[in-house]
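Colleague: Below is one structure. I have some questions about it.
Each value in this text was obtained by applying a stated rule to the coordinates, not by laboratory testing. Since this is a predicted model, take the numbers as computed values, not measurements. Cβ coordinates were reconstructed from backbone atoms using ideal geometry, including for glycine residues, and neighbour counts include every protein chain displayed.
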Amino acid sequence: MTTVLAIETSCDETAVAIVRERQVLAEAVASQIPQHQAYGGVVPEIASRQHLEAINCLLQRVQQETNLSWAQLDGIAATCAPGLVGALNIGLAAAKTLAVLYQRPLVGIHHLEGHICSAYLAAPDLQPPFLCLLVSGGHTSLVAVQHGQTYNPLGQTHDDAVGEAFDKVARLLGLGYPGGPAIDRLAPTGNPHAFALPEGKISLPGGGIHPYDMSFSGLKTAVRRLVEQLPTPLPSADLAASFQYTVVQALTRRAIRCAVDQGLTTLVVAGGVAANRELRQTLTTAAQRQGIQVIIPPLKYCTDNAAMIGCAGVLRLKQGQVSPLTLTSRSRMALTDISTLYEDHSRTNSG
Ligand code: KG4
Ligand code: ZN
């Protein structure tokens, strides 16, 4: 059984966990939301400093809880891309230090692979192939997860990520940061059909509409225009409900169509926006009608957490993939470039 320590510091949560196979043995999180709230969004410099202050205490906590010594671990996993580089560096430096001190393998993890692997925490028997609707603050895509844990991106946003759209619309409505949960709470009190908002569509060069690609910036602009034109007090609940309804319809339609077209009978929803109650409900109902099984991790594993990074770390270690200690963090990285995070074993072995 493979046991890893995992560290996640890509944005505004410092999180550590110890994961064995697909089971969480211990986890600890320090949220920075209060520190960023005054600025209405994440301030990278503050994020790095907060990670640095929190990490040692969190590491100590999970170690005490499990009574494991670091030397007993099979590896140390840390998110290394994509994310805020200063923030990623704190977690990666901590992981490298422990890897060197205790001579354990280092495993750099792609943050989005972590989100995809959160599904294994919810459904330990799950195996590829399946479709993943990845909806976070920085990314929105439809990815086919294939045998051997390889990724085939089938659809994506052409502008804002869906979480970003939630956050920007929440700011327009004066709901503060983080915006997604605030809209989620307010929307059920409003009328989703009060305002007809445009669903962003992506045209194909040869004509027609891309079936899986999406766009959210036009929707956000439409809400901004309404906010500018409507008399105060703003009908915030109706605006939140109409916005959320439009987003959920757009995501549901594409995800179900994609799963059906690709012949994939399991749909995983992962990333912070998977915490959205209307999305969970609507997708589940639509999928059931098509005989598609839906897996959505529990709320604490939808938003950023270290357990999902541990789950990905276990998978990579089992495939013999280890990162060099020269690994650096990166702000951007495609899911299809994951293999560049690991040492080339074929070359090492033959040389
Ligand atoms: O995955 P995540 O924690 O961090 C990134 O990797 O980006 O996602 C954060 C995003 C934020 O945009 C936040 O507003 C959104 O997820 N979010 C939600 C909800 N909870 C978090 N959006 C809609 N409804 C929610 N309940
Ligand atoms: Zn995330």
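Colleague: Give the span of the chain's Cα atoms along each principal axis, as three whole-Å numbers ordered largest to smallest.
Modeller: Result for the chain: principal-axis Cα extents of 64, 46, 34 Å.
Colleague: Could you give the length gained by full extension between Thr326 and Asn67, i.e. 0.36 nm per residue of separation minus their alpha carbon distance, to one decimal place?
Modeller: Length gained, Thr326 through Asn67: 90.2 nm.
Colleague: Mind jotting down the distance between the C-alpha centroids of the stretch 167-238 and the stretch 243-274, whole Å?
Modeller: 18
Colleague: Binning every alpha carbon pair distance of the stretch 264-351 at 5 Å from zero, what are the percents per bin?
Modeller: Pair shares across the bins are 3, 11, 15, 17, 16, 14, 10, 7, 4, 2, 1.
Colleague: Can you tell me, using C-alpha contacts under 8 Å and at least 6 residues apart, the relative contact order of the stretch 129-299 as a whole percent?
Modeller: 26
Colleague: Build a GNM of the chain with springs between Cα atoms under 10 Å: which of Tyr301, Tyr212, Tyr39 gets the top mean-square fluctuation?
Modeller: Taking springs between Cα atoms under 10 Å, the residue moving most is Tyr39.
Colleague: Give the total of Lys-Lys pairs in the chain with Cα-Cα distances below 27 Å; include a pair only if its members are 8 or more places apart or on different chains.
Modeller: Counting lysine pairs in the chain gives 8.
Colleague: Could you list Cys311, Cys302 so that the one with the fewest beta carbons within 10 Å of its beta carbon is first and the one with the most is last?
Modeller: Exposure proxy ranking, most exposed first: Cys302, Cys311.
Colleague: In whole percent, what relative contact order does the chain give with Cα contacts below 8 Å and a gap of six or more residues?
Modeller: That works out to 23 percent.
Colleague: Right, here's the next one. Mean residue ellipticity at 222 nm from the helices of the chain, using -39,500 (n - 2.57) per DSSP H segment of n ≥ 4 over the full residue count, to the nearest 500 deg cm²/dmol?
Modeller: Only helices count here, giving -13500 deg cm²/dmol.
Colleague: For the chain, give me every cysteine whose Cβ has no other Cys Cβ within less than 4.7 Å, ordered by residue number.
Modeller: Cysteines lacking a close Cβ partner in the chain: Cys11, Cys57, Cys80, Cys132, Cys258, Cys302.
Colleague: Suppose the chain between Glu21 and Gln319 were pulled fully straight at 0.36 nm per residue; how much longer would it get relative to their current alpha carbon spacing?
Modeller: That pair, Glu21 and Gln319, stretches by 106.0 nm at full extension.
Colleague: Let me ask something else about it. Rounded to the nearest 0.05, what FRET efficiency do Arg257 and Leu299 give with R0 = 22 Å and r taken as the Cβ-Cβ distance? Could you check?
Modeller: 0.25
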